[in-house]
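Structure first, then comments.
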Amino acid sequence: MIKVTDITKTYQSGDVAFQALKGVSFSINDGEFIAIMGPSGSGKSTLMHILGCLDTPTAGTYFLDHKDVSKLSDDELADIRRDKIGFVFQSFNLLPRTTALRNVMIPLIYANEPEEKREKDARAALAAAGLDERYFSHKSNQLSGGQIQRVAIARALVNNPTMILADEPTGNLDSRTGEIVLGTFQRLNEALGRTIILITHEPEVAEHADRIIIIRDGVIVSDTKNHHKRKANII
């Protein structure tokens, strides 16, 4: 599904060049649950932006579903983001005085889906993300942090993307709620076969994935199967 080969990313500021990624290569198969872990300044955010088609590499290739996205135009990248990638962010990015159901419907509105299909698909996505139906009509400012993140996960799911890219999804949550959200990702991966790429700086979060890629100073320093995977609270 994903093949990254010798990716570099250089930022230029005047006469000064900073190389954030230095020849990164790896592959991710359909249905894998991957954690990409590294400290601040390691290059993981730059890598996330490239994987999410929010940026392009300076050199190297990035194939997603057999298409070389490293050479696409801005409009073509926008199409990839809309059709193939579901994003879950630390800051949730929901409309605060809008219901959970309406928040999840928004990507379908942009996709010009019929109204009846929007509601049906949004309800199915919320159920898949583990939100109880009685909260579908609650506004997002009436929900707990964990419930809000589940709405955000449902919004990422609603367009049936090839992969879900989660950027520090537990960063604004307490540890118990974070475990519940991680359990949601595990269930989506194990029961529904979703490909999950989790970006984190926390080892205890990364341990919920099946495979951990560690990046430091723009270089992958390890890429290993996680033989001590933590099972989260799946509620």
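The values are calculated or read from the model by the stated rules, or taken from the named source; none is laboratory data. Predicted, not measured: the structure shown is a model, and the values here were computed from it. Positions of Cβ are backbone-derived with ideal geometry, glycine not excepted, and every protein chain shown enters the neighbour counts.
Total residues in the range 1-26 satisfying the condition of being touching a residue at least 12 places away in the same chain (Cβ under 8 Å) and outside any strand (DSSP E or B): the figure is 1.
The sole residue among 177, 170, 184 that is among the hydroxyl-bearing types (Ser, Thr, Tyr) and part of a loop (DSSP other than H, G, I, E, B) is 170. Determine, yes or no, whether residue 219 is surrounded by fewer than 17 Cβ atoms within 10 Å (Cβ to Cβ) and in contact with a strand residue (DSSP E or B) (Cβ under 9 Å, 6 or more places away or on another chain). Considered against the rule, which asks whether it is surrounded by fewer than 17 Cβ atoms within 10 Å (Cβ to Cβ) and in contact with a strand residue (DSSP E or B) (Cβ under 9 Å, 6 or more places away or on another chain), residue 219 comes out as yes.
Looking only at the range 159-193, count how many residues are closer than 23 Å to residue 122 by Cβ, touching a residue at least 60 places away in the same chain (Cβ under 8 Å) and touching an Asp or Glu at 6+ places or on another chain (Cβ under 9 Å). Qualifying residue count, the range 159-193: 6.
Of all residues in the range 20-34, those that are surrounded by 15 or more Cβ atoms within 10 Å (Cβ to Cβ) and farther than 19 Å from residue 195 by Cβ total 3. Here residue 30 passes the criteria (1) out of contact with any strand residue (DSSP E or B) (no Cβ under 9 Å at 6 or more places or on another chain); (2) modelled with pLDDT of 90 or more; (3) among the acidic types (Asp, Glu) except the one numbered (1). Which of the residues belonging to the range 91-122 are buried (at least 17 other Cβ atoms within 10 Å of the Cβ) and more than 20 Å from residue 135 (Cβ to Cβ)? Correct list: 113 only. For the range 180-211, the set of residues classified as surrounded by 15 or more Cβ atoms within 10 Å (Cβ to Cβ), over 15 Å from the mean Cα position of the chain (by Cα) and among the aliphatic types (A, V, I, L, M) consists of 180 only. Against the numbered list (1) farther than 30 Å from residue 148 by Cα; (2) surrounded by 13 or more Cβ atoms within 10 Å (Cβ to Cβ); (3) aliphatic (A, V, I, L, M); (4) in contact with a strand residue (DSSP E or B) (Cβ under 7 Å, 6 or more places away or on another chain), residue 50 comes up short only at (1).
Counting the residues of the range 191-221 that are among the basic types (Lys, Arg) and modelled with pLDDT under 95 gives 1. Figure legend. Inter-residue proximity from the range 39-59: first residues among the acidic types (Asp, Glu), second residues not in a loop (DSSP other than H, G, I, E, B), beta-carbon distance below 6 Å, spacing 6+ or different chains. Indicated pairs: 55/49. Screening residue 62 on (1) over 26 Å from residue 210 (Cα atoms); (2) in contact with a helix residue (DSSP H, G or I) (Cβ under 8 Å, 6 or more places away or on another chain) shows it passes everything except condition (1).
Residues in the range 121-138 that are over 23 Å from the mean Cα position of the chain (by Cα) and free of Cβ contacts under 8 Å to residues at least 12 places away in the same chain: 133, 134. Can you find a residue in the range 207-223 that is part of a helix (DSSP H, G or I) and closer than 18 Å to residue 86 by Cβ? No, because not a single residue in the range 207-223 is part of a helix (DSSP H, G or I) and closer than 18 Å to residue 86 by Cβ.
For the range 159-181, a residue qualifies if it is out of contact with any strand residue (DSSP E or B) (no Cβ under 8 Å at 6 or more places or on another chain) and aliphatic (A, V, I, L, M), and the qualifying residues are 173, 180, 181.
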